[in-house]
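Chemist: Please read through the structure below; I'll follow up with questions.
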Amino acid sequence: MYRRTGIVLLLLGVVFALFLLWLPVRYFTGYSIGTEEVRKIYLPCGSAIGILADRFDPAVERPGERSECTKRARGRVVYVVVLVGPLLLFGVYGVLRGPRPYYPLRA
């Protein structure tokens, strides 16, 4: 693997991880059966980064909802580590072990 490929993998991994951590986390609360179609009801919790910093969405009011949102945010972090971890490892390997571009010496 070339060094440039490792740099690209590192950049892609960091951007993908930040994107997944910035997406809103939702908590499933139940179904709405009163109309013709059955809909799922979700409680918006906020972004995973914000939840782990104790910044919840204003709709989250009760302690039980806060704990569920925190569980969902921790699950999202584990999901990011599992998905992006190998990408970052290959990127670091490419940067450290990859051959450098050949530039001839000029006299």
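Chemist: Any chance you could check the Cα centroid distance between region 1-30 and region 47-88 for me, in angstrom?
Modeler: 15 Å
Chemist: At most 16 other C-beta atoms within 10 Å and a DSSP loop state: those are the exposed trypsin sites (Lys or Arg not before Pro) I care about. Give me the longest piece of the chain that has none. Kindly include the intermediate steps, with their values, before the conclusion.
Modeler: Details: sites that count: 55, 106.
With trypsin sites (Lys or Arg not before Pro) excluded where exposed in loops, the chain gives 1-54 as its longest stretch.
Chemist: Which order do 90, 19 fall in if you start with the one that has the fewest other Cβ atoms within 10 Å? List each step's numbers first, then the result.
Modeler: On the way: 90 16, 19 11.
Ranked by crowding around the Cβ, least crowded first: 19, 90.
Chemist: Let me know the shape class of region 3-97, please: from the alpha-carbon gyration tensor, a ≥ b ≥ c as square roots of the eigenvalues, rounded when a/c is under 1.5, otherwise prolate if a/b is greater than b/c, or oblate. Write out the running numbers ahead of the final one.
Modeler: Numbers: a/c = 3.74, a/b = 2.36, b/c = 1.58.
Cα axes put region 3-97 in the prolate bin.
Chemist: When DSSP assigns beta bridges and you keep just the ones with both residues in the chain, what percent turn out antiparallel, to the nearest 5? Spell out each step's value before the answer.
Modeler: Working: 8 of 8 bridges.
Approximately 100 percent, going by the DSSP bridge assignments.
Chemist: Here's a follow-up. Roughly how tilted is helix 63-97, in degrees to the nearest 10 and between 0 and 90, from the longest Cα axis of the chain?
Modeler: 10 degrees
We did not get these values from a lab; they are worked out from the coordinates using the rules stated. Remember, predicted model here, so these are calculated numbers, not experimental data. All Cβ positions, even for glycine, are placed from backbone atoms using ideal geometry, and neighbour counts span all protein chains on display.
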